Amino acid sequence: IGIPPYFASRLTYPERLTPWNAVKMRDAVINGPENHPGAISFADRIATVKLPSNKKMRVAISRKLPSSRGAVTQSGRNNEYEFEGKVVYRHLQDGDVVLVNRQPTLHKPSIMAHVVRVLKGEKTLRMHYANCSTYNAGFDGDEM
């Protein structure tokens, strides 16, 4: 399903912080809520922090994120504990899976999973016409 950037920057995906995606999540935190692909908030075991609009503050928050697998912490302590319980709520990106439902239809076949593709410059949802019969949609003002 084609998603406009306006939707993609407001819909979030909670992605757990791991040693393999630490650099990508750090870049998302630095981009912030205004720039796509960015992040809306960051959560650890203590609290959830909504990312501010000030870039200097976002850079400071990103420095609190663990860097990579090769980093050495305290002696005798495993590096995996630094990533435990940390989640970045990032913007929707290409390849994410979303559930889509046509309103006001509530029967089970009208809810389908789609793979997202963010379409720059678009302002409406885009989908293949083969899905219209399942949703009972006719592109005449239907809401998804």
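Just a few scattered comments:
- Where labels lie 7 Å past Cα in the beta-carbon direction, separation of Cys132 and Val59 in nm: 5.0
- Accessible surface of the chain [probe 1.4 Å, protein heavy atoms]: carbon and sulfur percent: 54
- The value obtained for the chain, namely the Cα convex hull volume divided by the number of residues, is 140 Å³ per residue.
- Residue-normalised accessible area of the chain, expressed per residue, 1.4 Å probe, Å²: 65
- Helix-only mean residue ellipticity at 222 nm for the chain, each DSSP H run of n ≥ 4 adding -39500 (n - 2.57), per residue, nearest 500: -4500 deg cm²/dmol
The values are calculated or read from the model by the stated rules, or taken from the named source; none is laboratory data. Computed from a prediction, not measured in an experiment: that's the story for all the values here. As a convention, Cβ positions derive from the backbone with ideal geometry for all residues, glycine included, and neighbour counts pool all protein chains shown. When the accessible area is computed, the model is the full protein with side chains, heavy atoms only, and any ligands, DNA or RNA have been set aside. Shrake-Rupley method; radii C 1.70, N 1.55, O 1.52, S 1.80 Å.
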